[in-house]
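Remarks on the structure that follows.
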């Protein structure tokens, strides 16, 4: 069985997590981004940050799955990229780190 | 003995969905690490693969229910703004925490981190479930995929643990309460 499907899911999850971290910081730093991300007023910008990140994650996953599903891909590099993105996301969501940016 | 509607939702979100998810993480990690490692010789039956698949699907549902109830049911109550000059902040947990220097960090660090980091749990475990559903016992022949799946499960556990810890501590200092009262047991 080709490893492309696995690689697509792994990399997309890393991308989705990273986008979440970036949007969380952007909404914290910019009033314009913050108000643009208020999709549901009672929840504030959290609604837009998470909905946008989830959409980007799912679209990335769909595209990568479509391109890689029958292929054998370089998983070591994909894993490393996905885990770095996941680690960055953990850091970016941590307020003291975000405050340094 | 009674509980408020908001208190009940907090319980369902934290101890129900979140707590069960945290408990389930250790089981998934043991299964993925021990039974599905490349060095294991024992045969894996379809029943065992089916069980783990069902287990991971249940975890995925729990993780999504935890973040969705947190963000769309409880968070609006937490961040509600009182009328200007309102002296009683008991029904406004975020404002109550921020009103005192000894508790403000529970919001500015705790809640600010929790509300975002928690979402890494469902994203990660959804990926793990999808990959396991696709590869099943074949995952033994793909050590790189197996390693990534285990790493994402660990991060998912960590993210849920951070969210759970801060959720419990914040609720201790400024509980989300209100709504109608539900009588559980009549006291003596």
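Values for this structure:
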read-out	value
Overall form of segment A:13-66 per C-alpha gyration tensor (a/c, 1.5; a/b vs b/c)	prolate
Angle between chain A longest axis and helix A:75-92 axis [Cα atoms, degrees, rounded to 10]	10
For A:75-81, mean number of other protein chain Cβ atoms within 10 Å	3
Within 10 Å of each Cβ in A:21-32, the average number of Cβ atoms from other chains	1
Whole-angstrom gap from segment A:75-101 to segment B:24-98, using each part's C-alpha centre	20
Highest-MSF residue in chain A out of A:51, A:81, A:43 [GNM, Cα springs under 10 Å]	A:43
10 Å Cβ neighbours from other chains, averaged over peptide B:145-155	5
Angle in degrees between helix B:120-135 and the longest Cα principal axis of chain B, rounded to the nearest 10	20
Choice from A:47, A:89, A:30 showing the highest fluctuation, given a GNM over chain A with Cα pairs closer than 10 Å	A:30
Cα-based helix-to-principal-axis angle, B:143-173 vs chain B, degrees rounded to 10	20
Quotient of Cα Rg and 2.2 N^0.38 Å for chain B, N being how many residues it contains	1.25
Rg ratio (alpha-carbon, reference 2.2 N^0.38 Å) - segment B:90-188	1.56
For the protein assembly as shown, alpha-carbon Rg over 2.2 N^0.38 Å	1.09
Selected from B:122, B:84, B:93 as most flexible by GNM, with chain B as the system and alpha-carbon contacts under 10 Å	B:84
Rg and Dmax of chain A, Cα atoms only, in Å	15.3, 48
Mean ellipticity per residue at 222 nm, deg cm²/dmol - from DSSP H runs of n ≥ 4 across the protein assembly as shown, formula -39500 (n - 2.57)	-21000 deg cm²/dmol
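Readers should treat all values here as calculations from the given coordinates under stated rules, not as data from a laboratory. No experiment lies behind these values; they were computed from the predicted model shown. Here the Cβ is made from the backbone with ideal geometry for all residues, glycine too, and neighbour counts use every protein chain on show.
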